[in-house]
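Every number here is computed from the coordinates shown, using simple stated rules; none is lab data. These numbers come from a predicted model, not from an experiment. Counting neighbours? That spans all protein chains shown, and the Cβs are built from the backbone with ideal geometry, glycine included.
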Amino acid sequence: MIGRSSNRLLVVEDNADFATLTKIHLEKHGEFEVDVTTDAGEAVEQLEANDYDCVISDYDMPQRNGLELLKDVRETNPNLPFILFTGRGSEEVASQAISADVTDYIQKGGGSNTFELLTNRVQNAVQGFQAERELRLEKQLSERIVQSLPIGLVVHDQDGDVLLRNDRANEILSTTEIELRADTYESSSWELYEEDGELVSYERLPFTRAAAGEELRDVSYTVHTDDGRVKPIIVSGTRLCNDDGDTEAVIIPFETVTED
């Protein structure tokens, strides 16, 4: 999180001495800032008031057990890592934990190895959580940028499915996302014509040409929309490749020549 060099954890354990021991070990052997509570109800309140990177919870606790707490957590924090750290090692509890979408399940032991295992599992869970969060934020930012553009923009994957599109693209083409897919073009309700008036085939689509490595720059087309409008448009196109040179995405920006 911004402003913190360490990751913040919440340990929920009704045995105060064991909770303190867990806190000491996690803070000593990992870059963690650990809060402790002995009450599951208080844990819910702390999760509402603070940002945590992981919850470590006992199973047997008064008022509600660890799986009941997990259910409460998942209602408001569906992606937050939740590790069940319990003295009960029955197959039934383990099965219930997996079914309840617990991040990890660790049985308490009698030595430091258990805490070393817990520390490693917490580190892995937090790293995965942060990576997923960064991806979500990047996707949200990309979508906001795409929507803010004054031109139409459609981003296809290598198969022609739509990864991103903005409202301006929908406005220009007057069509749905399904009809923007390359494989549905020939059966769609909109048509694209070359500058010489010839109907564009699938093989001559801007997506197809760009996916094959052709760089399109301000190519003139005419689009016939489903609602009967005819619009001259200018289209460009380029592809994004991975390290092996394979196409990962095709970017198609376009705009009308004159506003309606």
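Points worth noting:
- Region 143-207 versus region 32-100: alpha-carbon centroid distance in Å: 46 Å
- Calculated FRET efficiency, Asp243 to Gln63, Cβ-Cβ distance, R0 = 45 Å: about 0.25 to the nearest 0.05.
- For region 149-256, the residue among Thr208, Ile151, Pro253 whose Cα projects farthest onto the positive side of the dipole built from Cβ charges is Ile151.
- Straightening the chain between Glu31 and Gln147 buys 37.9 nm, computed as 0.36 nm per residue apart minus the Cα-Cα spacing.
- Gyration tensor (alpha-carbon) shape descriptor, region 165-239, a/c threshold 1.5: rounded
- Degrees, to the nearest 10: 66-76 long Cα axis against longest axis of the chain: 30 degrees
- Nearest 10 degrees, 0 to 90: helix 40-49 Cα axis against the chain principal axis: 40 degrees
- Fraction of the pair-distance distribution of the chain above 35 Å, Cα-Cα pairs, percent: 44 percent
- Distance between the 7 Å Cα→Cβ label points at Asp167 and Glu45: 4.2 nm.
- Length available on full extension from Glu92 to Tyr202: 0.36 nm per residue minus the Cα-Cα distance, which gives 34.0 nm.
- Residues Arg204, Arg217 arranged by fewest to most Cβ contacts within 10 Å: Arg217, Arg204
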